[in-house]
Amino acid sequence: MKKVILLIIVSIFTIQTQAQEDLKAKQILDKLSSKTKAYTSIKATFQLIISSKKDGLNETQDGSIQIKGNKYNLGIKGQEILSDGKTVWTYIKESDEVHINSIGSDESDGTLSPNKLFTLYETGFKYKYVEEKNNIHTINLYPKDANSKAFHRITLFIDKLKEEIKEVKVFGKDGSETTYRIKTFITNSPLADALFVFDKSKHPKVEVIDLRE
């Protein structure tokens, strides 16, 4: 999930403009953060687009995610990824196997945790306001600790009227681009905790691969 772009400031005027734009970005993100934190849960469907010129890759698939606090249930092509906030289960349907990791180890490669899709901007990023077009704010995020991340930049597209993220683009260091395009967004639905734990009884023949240390 990955790509590169760095901004170069060549004059005092540009520096002043950037400072103003950064303040505008902060105000928008602060409002978005406050609104998102007030939700008891999030249910969303999205279109996932992965492209890489180097690898000749251009793949589109549909996905869904349900989030409750630090718990999540992510469904994408051929996989279901669940977490209760402590453990992560990755169920691979084709091979009927489930990989078990401790929370955090699934992010060791610097990629994004699914439950942070709507709040990833809150910590660890510098940000810059880009533009407003058709009531959509565009804001670039740059990781402060770039060496630990698999990406150089994330671009957020935020609905100005609804104050909701509509699209997230991740530009990776390997030249790839990963886009999450939000299709539906429902908040404050009751979600049972069992939704975020892999139920082995529903998959009696599953091969369990426990990768926890």
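The values are calculated or read from the model by the stated rules, or taken from the named source; none is laboratory data. Being a predicted model, the structure only gives us computed values, none of them experimental. Positions of Cβ are generated from backbone atoms using ideal geometry, with glycine treated the same way; all protein chains shown enter the neighbour counts.
Things to note:
- Looking across region 28-57, just one residue is exposed (fewer than 11 other Cβ atoms within 10 Å of the Cβ), over 30 Å from A192 (Cβ atoms) and free of Cβ contacts under 8 Å to residues at least 60 places away in the same chain, and that is G56.
- Among the residues making up region 182-198, those that are in a loop (DSSP other than H, G, I, E, B) and surrounded by fewer than 12 Cβ atoms within 10 Å (Cβ to Cβ) are N188, P190, A192.
- The residues listed here are E167, E132; of these, the one that is within 14 Å of the chain's Cα centre (by Cα), of a type in the set (D, E) and either surrounded by fewer than 16 Cβ atoms within 10 Å (Cβ to Cβ) or modelled with pLDDT of 90 or more (or both) is E167.
- For region 67-87, a residue qualifies if it is out of contact with any Gly (no Cβ under 9 Å at 6 or more places or on another chain) and farther than 19 Å from V170 by Cβ, and the qualifying residues are K68, N73, G78, E80, L82, S83, D84, K86, T87.
- Close pairs (9 angstrom Cβ cut-off, 6 or more residues apart or separate chains): at pLDDT below 95 and of a type outside the set (G, A, S) in region 188-207, loosely packed, with under 10 Cβ neighbours inside 10 Å and in a helix (DSSP H, G or I) anywhere: none
- Checking F198 against (1) within 21 Å of G69 (Cα to Cα); (2) within 18 Å of the chain's Cα centre (by Cα), the condition it does not meet: (2)
- Candidate set: region 31-75, residues that are more than 16 Å from the chain's Cα centre (by Cα) and of a type in the set (A, V, I, L, M); chosen: the one modelled with the highest pLDDT: A38
- Test for K183: is it closer than 30 Å to S52 by Cα and modelled with pLDDT of 95 or more: yes
- Taking region 71-98 as the range and being under 22 Å from Q47 (Cβ atoms), part of a loop (DSSP other than H, G, I, E, B) and in contact with a strand residue (DSSP E or B) (Cβ under 8 Å, 6 or more places away or on another chain) as the test, the residues that pass are K77, G78, K93.
- Selected residue (only one of G75, G85, G63 is within 30 Å of R212 (Cα to Cα), among the small types (G, A, S) and touching a Leu at 6+ places or on another chain (Cβ under 6 Å)): G63
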